[in-house]
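The values are calculated or read from the model by the stated rules, or taken from the named source; none is laboratory data. Just so we're clear, the structure is a prediction, and the values are computed from it rather than from any experiment. Here the Cβ is made from the backbone with ideal geometry for all residues, glycine too, and neighbour counts use every protein chain on show.
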Amino acid sequence: SVESAKHDEL
Amino acid sequence: MNVFRILGDISHLLAIIILLVKIWKSKSCAGISGKSQILFALVFTTRYLDLFTTFISIYNTVMKVIFLLCAYITVYMIYGKFRKTSDSENDSFRLEFLLVPVTGLSFLENHNFTALEILWTFSIYLESVAILPQLFMISKTGEAETITTHYLFFLGLYRALYIANWIWRYHTENFYDQIAVVSGVVQTIFYCDFFYLYVTKVLKGKKLSLP
């Protein structure tokens, strides 16, 4: 799974 | 960005505005759990610290500022301006029962052990249980004002739409954030019995009252 390094969601 | 996420954010913003307008217009926060609103303000505060360090988009920045402002204005209205109308004896959920496990879990399960990441993880876990004091209060009083049920409907709908967004992003970008997804599913599950009551009662024009 590609985990989010950058949280681009609210 | 996809349609599920945009609709989710709009639903979230709508919920927050419905609550603000309800308190402002009725000059009362009866039936509203101030504790849940404190938790939401804490969720936004710990999640949006990257407001100053990471620029994603204008939309992202603007929405974060709006959510933060609305959350603090709501808390101020409940504990400041209209505190005489808050029924604090019904708002009796013990916040430490939520804050302690959420804090512990965010140190145990996170993507990487840095301050910002742990705070982000804390905000994700906290958001999934932040509505519990409000749902607990409704189960205690046995009823909720119709406007409050609309607030809860859009608040529950927003994370349900985010689940659709995560499914969409998994299939289109192979993007998958396990912490956000698992938390989001738990959060949405907490709304299920409310959704059932909302659809079977409120949408039929009845008042939401628990049996």
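Identify, please: which residue in region B:169-191 is of a type in the set (A, V, I, L, M, F, W, C) and within 12 Å of another protein chain (Cβ to nearest Cβ) and is, among those, surrounded by the most Cβ atoms within 10 Å (Cβ to Cβ)?
B:Ala180
Output the number of residues of region B:177-205 satisfying the condition of being touching a strand residue (DSSP E or B) at 6+ places or on another chain (Cβ under 6 Å) and either part of a helix (DSSP H, G or I) or of a type outside the set (Lys, Arg) (or both).
2
Quick one: is B:Val75 assigned to a helix (DSSP H, G or I) and within 14 Å of another protein chain (Cβ to nearest Cβ)?
No; evaluated as a whole, the condition is false for this residue.
Within the bounds of region B:17-31, is there any residue that is within 23 Å of B:Ala160 (Cα to Cα) and touching a Cys at 6+ places or on another chain (Cβ under 8 Å)?
Within region B:17-31, one or more residues are within 23 Å of B:Ala160 (Cα to Cα) and touching a Cys at 6+ places or on another chain (Cβ under 8 Å).
Could you tell me how many of the residues in region B:24-60 are in a helix (DSSP H, G or I), over 17 Å from B:Ala144 (Cα atoms) and not charged (D, E, K, R)?
Here the count works out to 16.
Yes or no: region B:91-98 includes at least one residue that is in a loop (DSSP other than H, G, I, E, B), among the aliphatic types (A, V, I, L, M), more than 14 Å from chain A (Cβ to nearest Cβ) and closer than 25 Å to B:Val186 by Cα.
Yes, that holds for at least one residue.
Just checking, which of B:Ser92, B:Ser11, B:Ser36, B:Ser88 is at pLDDT below 95 and either within 24 Å of B:Leu161 (Cα to Cα) or loosely packed, with under 15 Cβ neighbours inside 10 Å (or both)?
From the options B:Ser92, B:Ser11, B:Ser36, B:Ser88, the qualifying one is B:Ser88.
When you look at B:Leu157, is it farther than 18 Å from B:Gly8 by Cβ and either of a type in the set (A, V, I, L, M) or surrounded by fewer than 21 Cβ atoms within 10 Å (Cβ to Cβ) (or both), yes or no?
Considered against the rule, which asks whether it is farther than 18 Å from B:Gly8 by Cβ and either of a type in the set (A, V, I, L, M) or surrounded by fewer than 21 Cβ atoms within 10 Å (Cβ to Cβ) (or both), B:Leu157 comes out as no.
Any idea which of B:Tyr125, B:Tyr151, B:Tyr170 is farther than 25 Å from B:Lys25 by Cα and touching a residue at least 12 places away in the same chain (Cβ under 8 Å)?
Checking each option against the conditions leaves just B:Tyr125.
Quick check: is even one residue across region B:51-62 surrounded by fewer than 17 Cβ atoms within 10 Å (Cβ to Cβ), farther than 16 Å from B:Ile131 by Cα, β-branched (Val, Ile, Thr) and more than 14 Å from chain A (Cβ to nearest Cβ)?
No, region B:51-62 has no match at all.
Identify all residues within region B:99-117 that are touching a helix residue (DSSP H, G or I) at 6+ places or on another chain (Cβ under 7 Å), of a type in the set (S, T, N, Q) and assigned to a loop (DSSP other than H, G, I, E, B); write none if there are none.
Passing the criteria: only B:Asn110.
Any residue at all in region B:118-134 that's more than 16 Å from the chain's Cα centre (by Cα) and either at pLDDT 95 or above or not in a loop (DSSP other than H, G, I, E, B) (or both)?
Yes; the residues of region B:118-134 include at least one that is more than 16 Å from the chain's Cα centre (by Cα) and either at pLDDT 95 or above or not in a loop (DSSP other than H, G, I, E, B) (or both).
Here is a yes/no grid of residues against (1) buried (at least 17 other Cβ atoms within 10 Å of the Cβ); (2) among the charged types (D, E, K, R); (3) within 24 Å of B:Ser209 (Cβ to Cβ):
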{"position": "B:Leu69", "(1), (2), (3)": "no, no, no"}
{"position": "B:Gly80", "(1), (2), (3)": "no, no, no"}
{"position": "B:Leu108", "(1), (2), (3)": "no, no, no"}
{"position": "B:Trp120", "(1), (2), (3)": "yes, no, no"}
{"position": "B:Ser123", "(1), (2), (3)": "yes, no, no"}
{"position": "B:Ser128", "(1), (2), (3)": "yes, no, no"}
{"position": "B:Gly142", "(1), (2), (3)": "no, no, yes"}
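Return the pair list, or none, for Cβ contacts closer than 7 Å from residues in region B:23-41 that are on the phi > 0 side of the Ramachandran plot to residues that are assigned to a helix (DSSP H, G or I), at least 6 apart or on different chains.
Here the result reads B:Gly31/B:Thr141; B:Gly31/B:Thr148, each pair linking region B:23-41 to a residue that is assigned to a helix (DSSP H, G or I).
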